[in-house]
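The structure appears right after this line, and notes come after that.
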Amino acid sequence: MPVHLVEAPIISQGQTVPLLLTRASAGFPSPAGDDLEGEIDPISWVVRHPASTFWWRVEGDCLWDVGIRDGDIIAVDRAGKRRLGRAVLAVVEGSVTAKILCKRDGKYFLAPANSSGGFPEIELTEDSEIWGVIAGVVRRYDLE
Amino acid sequence: MMKPIAISDSANFYVSAERIFDPSLKGVPVIVLSNNDGCAVARSDEAKALGIKMGEPLHLIRDKIAAHGVRVFSSNYTLYGDISRRVVAVYEDYTPNVEIYSIDECFLDFSGLRDRVGHARTMRRDVLLRTGVPVRVGIAPSKTLAKCANDIAKKNPIFKGVLDMMDPKLADWLLPLVPVGDIWGIGRKTKAKLDGIGITTAADLRDMPLRQARAMGTVVLERVVLELQGEPCIAFDDIAPQRKGMAVTRSAGIPMQGFDTLFQAITAHTTRAAEKLRQHGLVAGTMTVFFHTNRHRPDRPQYAGSRTTRLIPMSNDTLQLVAAAKRCALAAWPKVGAERYAFAKAGVMLDDLLPVEDRPKTLFDAPPRDPALMIALDAVNRRFGKKTMILGSEGVSQSWQMRVEHRSPRYTTRLSDLPVVRG
């Protein structure tokens, strides 16, 4: 699994300053100096609709095969389109579960995505509802 | 020229907000308690059906709660505020002009729309989809009529959450069914007076002669009559009105005894008020500090103290405001027998607010303190969390803090409080 390093924003006197993508040179001024861009913000790339996106914490590994693990933080967009094959949050019998939306023989199912097995498949009944569609996942690793 | 004004609001907003993250609350009685867990301030329809009244004290309904498994929550204003902000963001996709009236009510400018009802229905569906909050919409030529329409839409499912009363015929049909006491701006006293002369419905009030309305009540009542006739008297604010005053008051979790404990609470409230001033770029010219014992316990010694001071120069500096608050609190502190009193509530009010740049110069104006200190204080608290840096006089143990024994997590604003999904 590739790990992408994201530079933290530089804070100076409480203001964030744009991440400098070029090295400063002591002698000749950098020709890129006029082409500075804003800092990279992967969260805004994940959150396409701020008003309808809520963060949840995942417990359990039933979505392992689609890259979601126990302890991950996921962004869930309530306005996301409910399409087959998408990872969704669904309300089943008063509790919330994360599964893949599937259809078989004319019936809708909430299916796990974990080839090691052991996770239940749930039929989507009239009483259950889709809470939202998973828009992205955030994970961090130990540093110390 | 009749401009359609819509008001959109959520019935039982706090309950709706709690239900977003806890689906087990669906279909069961839920109540949310006031500050300090005193009484019910929001009730789900199921709780209303059990006869739990608005404002009913918790200790009087304990049996009902136990017998019917009512789910009880402390107010979680952090959550409600965040959900409210999201709802407003959705409204802004449907009108260029939103006036926030309260945490769960907004007036919306609906002029220039061909299909107002269709637009309102789409907006309603979208708010529910994106935020999980069910809202109802009332549309009319005046704010008072719009509130009326919204109320009717909430109580009568046949309207499917949207009622457009721009058509006077519809108002003619519906207003006789609305009790006069349900109208926005009609208080209990006015209602009693109106009842006395046989005005019992919204239609009666609308048809009341203006002269009589003015003679009976005030200009306010006259304005309500005009508004019910469809003539807007309460403007749709294009620009949020300049804040004239602000208050930070709280009831204490445990009654406060002794000056130091009381002054901890006052310091915290003043600090919060000063932060709000700086956020809005304002300075204050007058400060009032007050505190009182529990008025509902006449068996205990009662005391209410209050002092007002001018702030010269006008200020938004936490240290200066806290110093002024201390002068007020000391002046209002009981001269004898202070140890007998247990204070239930304390607060700070600021008035004469002005934008910093309009601050009048006084003759002997000392050079204002370098604002860097307050900028740094706000920056630290913004970056590392509220109350990272506080004044020593705010105290550390804070026994006066509100009682919030049943508060749900701050689901949307704290990493540690995120809702959990089993996957």
_Selected residue (criterion: surrounded by the fewest Cβ atoms within 10 Å (Cβ to Cβ)) from residues of the stretch B:1-27 that are touching a residue at least 40 places away in the same chain (Cβ under 8 Å) and within 9 Å of chain A (Cβ to nearest Cβ)_ = B:ASP22
*When you look at B:PHE291, is it in contact (Cβ under 8 Å) with a residue 40 or more places away in the chain, of a type in the set (Phe, Trp, Tyr), under 30 Å from B:ALA376 (Cα atoms) and surrounded by 17 or more Cβ atoms within 10 Å (Cβ to Cβ), yes or no?*
no
*Residue list for the stretch B:324-351, filter: basic (Lys, Arg) and surrounded by fewer than 20 Cβ atoms within 10 Å (Cβ to Cβ)*: B:LYS326, B:ARG327, B:LYS335, B:ARG340
*Can you pull out the residues in the stretch A:73-92 that are within 9 Å of another protein chain (Cβ to nearest Cβ) and either under 21 Å from B:ASP126 (Cβ atoms) or assigned to a loop (DSSP other than H, G, I, E, B) (or both)?*
A:VAL76, A:ASP77, A:ARG78, A:ALA79, A:LEU89, A:VAL91
*Mind checking which residues of the stretch A:93-124 are part of a loop (DSSP other than H, G, I, E, B), surrounded by 12 or more Cβ atoms within 10 Å (Cβ to Cβ) and in contact (Cβ under 8 Å) with a residue 40 or more places away in the chain?*
A:PRO112, A:ALA113, A:ASN114, A:PHE119
*A:ALA51 passes all but one of (1) over 26 Å from A:TYR141 (Cβ atoms); (2) surrounded by fewer than 20 Cβ atoms within 10 Å (Cβ to Cβ); (3) within 14 Å of another protein chain (Cβ to nearest Cβ); which number fails?*
(2)
*asked:* Scan the stretch B:107-123 and tell me whether some residue there is in contact with a strand residue (DSSP E or B) (Cβ under 6 Å, 6 or more places away or on another chain), within 14 Å of another protein chain (Cβ to nearest Cβ) and of a type outside the set (Phe, Trp, Tyr).
replied: no
_Evaluation of B:ILE197 against (1) within 19 Å of B:LYS147 (Cβ to Cβ); (2) of a type in the set (A, V, I, L, M, F, W, C); (3) more than 28 Å from the chain's Cα centre (by Cα) (one fails), failing number_ = (1)
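Each value in this text was obtained by applying a stated rule to the coordinates, not by laboratory testing. Predicted model, so just to flag it, every value in this text is computed and none were measured. Glycine also receives a Cβ, built like all others from the backbone with ideal geometry; neighbour counts cover every protein chain displayed.
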